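First the structure, in the form of structure tokens, and then the observations on it.
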Amino acid sequence: MRPILSILLFIGIIFLSSCEELLEVKDISDQEVNLLAPSDSVVVMQSDVRFSWEEVFEAHSYHVQVAQPSFENAAQIVIDTLVVVDSTYRGSSFVKPLLDNGYEWRVKGMNSDFDTPFKTHRFWVESTKN
């Protein structure tokens, strides 16, 4: 009976070490999200603003925030959302109506163990000047 317990213990150790290798999460903390639009220091001439960024390989979600007028002097955070890469994921963009004002927006990629740094851009909405 004793050899069977030793064999089962050995198999259990092998199985657990193999699972650990399969569950290894890629460190994305040295990567950067590339913000596409609105680009830095741009004036958006419509109230419906499309936010878009390039995906980070191995990121499973994106933390997106928009502050008015900036994160350092925020009068309000107008967007603070998590975009999850799952079966409902429609890509790395979304549209949000905003009032004429100055804003900063930022995005960071995340997986279960690591985050990229936030990448930040400034922009202004001036839809009433059309």
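Derivation of every value follows stated rules applied to the coordinates shown; laboratory data play no part. The structure presented is a predicted model; accordingly, all values stated were derived computationally and were not measured. All Cβ positions, even for glycine, are placed from backbone atoms using ideal geometry, and neighbour counts span all protein chains on display.
For VAL49, the residues whose modelled amide H falls within less than 5 Å of its own, excluding neighbours fewer than 5 places apart on the same chain, are LYS96, LEU98. Shown in residue order for segment 78-94 are the 3J(HN,Hα) couplings computed by the Karplus curve 6.51 cos²θ - 1.76 cosθ + 1.60 at θ = phi - 60°: 8, 9, 8, 9, 10, 9, 9, 7, 8, 5, 9, 5, 10, x, 8, 7, 7 Hz (x for Gly and Pro). For trypsin sites (Lys or Arg not before Pro), the sites in segment 28-130 that DSSP calls loop and that have at most 10 other Cβ atoms within 10 Å are ARG90.
The lysine pair count for segment 26-129, using Cα distances under 28 Å and pairs eight or more places apart or on different chains, is 6. Put a dot 7 Å past the Cα of GLN46, heading toward its Cβ, do the same for ARG90, and the two dots end up 1.5 nm apart. For segment 37-57 versus segment 66-111, the inter-centroid distance based on Cα atoms is 10 Å.
Ordered by the number of other Cβ atoms lying within 10 Å of each residue's own Cβ, fewest first, THR88, THR81 fall into the sequence THR88, THR81.
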